[in-house]
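Peer 1: Structure below; questions to follow.
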Amino acid sequence: MLPDYFEFSLPTRVIYGIGVINSLHDAVAHYGPRRALLVTDAVLVQTGLVERVKAGFARTAIDIVAVYDQVPPNSTIRTVEDCAALGRAQHCDLIIGLGGGSVLDTAKVANILMVKGGSVAEHMGAYLLGQTRLLPLFLIPTTAGTGSEVTKVAVIADPDHDVKLPFAETQFLPDLAILDPELTRSLPPKLTAMTGMDALTHAIEAYVDKEWSPASDGLALQAIRLIRDYLLRACAQPNDVQARGAMLAASCLAGIAFSHSMVGMVHGISHALGGVYHIPHGLANALVLPEVMDYNLDSRLDRYADIAEALGVAFPRPGAALENLLRYSPLRFAAPLARPLAGLDRWFRRKAAQASIAYVRRLNQQLAHVTGMSLNLRDAGIQDGLDKLDQVVETAMADGAMLYNPREPEREAVRRIVQTLYATTVKPLPTSAADLRPAVATTQVQELRDVFPDTETFYRVMGGFFERLKIDPQIGGPLRDSQLCVQFQYAQPTAVLTIDARGEEVQIYQGAAFTGEPEVTMSMNADFAHAFWHGRVNLVSALTRRQVTAKGNVPKTLRLLPILKPAYALYPQYLAEVGMADKVMR
Ligand SMILES: [Fe+2]
């Protein structure tokens, strides 16, 4: 059954790729020349990530003219105002946020001040901007958890009044979200665990909340599957860039999901624990999540059973299995005989739903073993014997997230959950090899930059290589048989090579020497062509990434397939022959 009404939209373009920060040119080209304000924090300056991102943008028309690097772990009104003042003083017309949730939220709210002026408090609230257009915004997460790069919310602290100011604006959805797993590699294991549990909480709350929709369901369940497979691995093997990438994708999917269906009581309580006791958001969620799942269980039994399946905790359904077995066999008339087993199926579904809670508890214990993450509120920093319990309960009960919880949150339940988490003595649990799954060996392709210093060198090398293809005994024949005319247009350095195989003999033309009409034109960077002839790139994905643009009857180029393998073998040899052995990709 579907909800009566739902909405779904994602105006943000999301690009993902290992090292994608180095090839932004096409993704940002249509913004034209801009003066950008980069918003980040001091740690990211120290770890060198800010320099890497600046180097990535240096190859585009976006000029980073100002860097605000003073965002604290919980951004404040003052932070946002200082940040916006810098952007205005430098006449910035684009904002780039690089960091965790606090940095990205700062970039979002600073954008309002840069365009509309005024104070932060003046703009607090939901959907006050109307049709106001803000500056283009690019968000680059360096943690995998908040999903802030795809949400229309931001939270800024008001330390003078001990409250967090919530903002929600459609204009917060950035124009571009850049997901590069390389940028999350330096995130310490404990933070990886806590932010990852924030993402899992987003996905689970989005799936069970009152505002669920089929669109957010799909995203939430896939996020849960990715977290199941990769969170422990990303913590135990921080350099496993595949695990990092999967977590970044999971965080983004969960972010889109909860941006539509909202979060619930877990967030209500953890916002309060953050506000009153400064417990980190991800950690508070990790601890509160299984308690609230338990509280909600009966109101969403089937949905928690689905979550168990997504977590890989499968339980048998003997009734359904027997019915299917009979229905799709010659004995189909006997299928109704399986019906009495339906009660058994329901019993197993309940067991599965309960298992989803046990799974999350066990995951917390394993994360504690791998990363030292706290398992109770005493270790998490509450040292006053829970003196402010009443304040936590009242703050939680007044939190907007409570509205979306599937079961009415009761004051007493909130109190009991916080007390339980304070008193618990649960211990870390060692992980097994099976929990971590073997890391996939990821060989990083060596990246070469500016292989050809000028057009002349390019023509000498690549033009010479094409001439060699013509006369190679394995390649020349199939090339002639292709009867194809393809023009390659290169950038950095600029050059044009045309192969015309339509006549008796294959002709290679340099630059403007070819005056006809090619059947297919392919444009790319010279460095890309260099990697291509090593057989190191996937052309289909290069087309998706706009590393190559193709014009004309592209399927016709399939006729060139027979020459590719021998050409890949020939190119490194040829480079050595022409004195460029140092440019051969290893
Ligand atoms: Fe969260």
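Peer 1: Going from most exposed to least, what order do R411, R536 have by accessible area with a 1.4 Å probe? Please report the intermediate quantities before stating the final value.
Peer 2: Details: R411 110, R536 85 Å².
Ranking R411, R536 by accessible area, largest first, yields R411, R536.
Peer 1: Percent of accessible area on the chain owned by carbon and sulfur, 1.4 Å probe? Don't jump to the answer; show the numbers that get you there.
Peer 2: Working: 14100 of 26230 Å².
Whole-percent figure for carbon plus sulfur exposure: 54.
Peer 1: Subtracting the Cα-Cα distance from 0.36 nm times the residue separation, let me have the gained length for A569 to K388 in nm, one decimal. Mind dumping the intermediate values first?
Peer 2: Details: separation 181, 0.36 × 181 = 65.16 nm, distance 7.05 nm.
Gain on stretching A569 to K388: 58.1 nm.
Peer 1: Cross-link list K116/K152; K190/K427; K470/K583: which exceed 20 angstrom alpha carbon to alpha carbon?
Peer 2: Over 20 Å apart, Cα to Cα: K470/K583.
Peer 1: Hey, what number do you get for the chain at 222 nm if only DSSP H runs of n ≥ 4 count, each worth -39500 (n - 2.57), divided across all residues, to the nearest 500?
Peer 2: Numbers: 22 runs with 265 residues, N = 586.
Result for the chain, helices only: -14000 deg cm²/dmol.
Peer 1: Let me ask something else about it. Using a 1.4 Å probe and ignoring any ligands, DNA or RNA, find the accessible area of F167 and quote it in Å² to the nearest 10.
Peer 2: Its accessible surface works out to 10 Å², give or take rounding.
Peer 1: Find how much the distance from R332 to E410 grows on full extension, using 0.36 nm per residue of separation minus their present alpha carbon separation; answer in nm with one decimal.
Peer 2: On the way: separation 78, 0.36 × 78 = 28.08 nm, distance 4.93 nm.
Stretched fully, the R332-E410 segment lengthens by 23.1 nm.
Peer 1: Report, for segment 457-545, the % of DSSP beta bridges that are antiparallel, rounded to 5. If you can, show how the numbers build up before the last one.
Peer 2: Numbers: 10 of 16 bridges.
Antiparallel bridges make up about 60 percent of those DSSP assigns within segment 457-545.
Peer 1: Less than 15 Å Cβ to Cβ from L221, Lys/Arg counted +1 and Asp/Glu -1: what total charge do the surrounding residues give?
Peer 2: Numbers: positive: R225, R228, R300, R303; negative: E205, D209, D217, D229, D302, D306, E309.
Here the charged neighbours net out to -3.
Peer 1: To continue, here is another question. What percentage of all Cα-Cα pairs in the chain are separated by more than 44 Å?
Peer 2: Working: 54825 of 171405 pairs.
Every Cα pair in the chain considered, those over 44 Å come to 32 percent.
Peer 1: Looking at segment 101-257, what % of its DSSP beta bridges pair antiparallel, to the nearest 5?
Peer 2: Details: 6 of 10 bridges.
Looking only at bridges with both residues in segment 101-257, the antiparallel portion is about 60 percent.
Peer 1: Follow-up question, since we're still on this one. Students often check this: by mean Cβ neighbours within 10 Å, which of 83-94, 58-69 ranks highest, and how do the rest follow?
Peer 2: 83-94, 58-69
Peer 1: How do F172, F488 rank by accessible surface area computed with a 1.4 Å probe, from largest to smallest? It would help to have the intermediate numbers written out before the result.
Peer 2: On the way: F172 0, F488 25 Å².
The ordering from most to least exposed comes out as F488, F172.
Peer 1: Once the whole set of protein chains is in place, how much accessible area is left on H271, using a 1.4 Å probe, in Å² to the nearest 10?
Peer 2: 70
Peer 1: Leaving out ligands, DNA and RNA but keeping every protein chain, what accessible area does M373 have, in Å² rounded to the nearest 10, with a 1.4 Å probe?
Peer 2: The value for M373 is about 10 Å².
Peer 1: Separate question: T420 versus K583, label points 7 Å from Cα toward the beta carbon: distance in nm?
Peer 2: 6.5
Peer 1: Follow-up. Looking at the chain, send over the antiparallel percent of its DSSP beta bridges, to the nearest 5. Present the calculation step by step, with values, prior to reporting the outcome.
Peer 2: Working: 20 of 50 bridges.
Of the beta bridges lying entirely in the chain, close to 40 percent run antiparallel.
Peer 1: Next question. Going by average Cβ neighbours within 10 Å, how do the peptides 254-265, 338-349, 134-145 rank, with the highest at the top? Spell out each step's value before the answer.
Peer 2: Details: 254-265: 28.2, 338-349: 14.5, 134-145: 25.8.
Per-residue Cβ counts within 10 Å, averaged per peptide and sorted highest first, yield 254-265, 134-145, 338-349.
Peer 1: Normalising by the residue count of the chain, find the relative contact order in percent from Cα pairs under 8 Å and 6+ residues apart.
Peer 2: Working: 1066 pairs, mean separation 59.3, N = 586.
Averaging sequence separation for qualifying contacts and normalising by length gives 10 percent for the chain.
Peer 1: Roll a 1.4 Å probe over the protein chains and send me the accessible area per residue for the chain in Å². Walk me through the numbers before you get to the answer.
Peer 2: On the way: 26230 Å² over 586 residues.
For the chain, the per-residue accessible area is 45 Å².
Peer 1: How would I508, I307 line up by accessible area, probe 1.4 Å, largest first?
Peer 2: Details: I508 25, I307 0 Å².
Largest accessible area first, the residues go I508, I307.
The values are calculated or read from the model by the stated rules, or taken from the named source; none is laboratory data. Since the model is a prediction, treat every value here as computed from it, not as a measurement. Quick reminder, even Gly has a Cβ in these numbers, built from the backbone with ideal geometry, and neighbours come from all protein chains shown. Please note that ligands, DNA and RNA were not included when accessible areas were found on the heavy atoms of the full protein model with its side chains. Shrake-Rupley method; radii C 1.70, N 1.55, O 1.52, S 1.80 Å.
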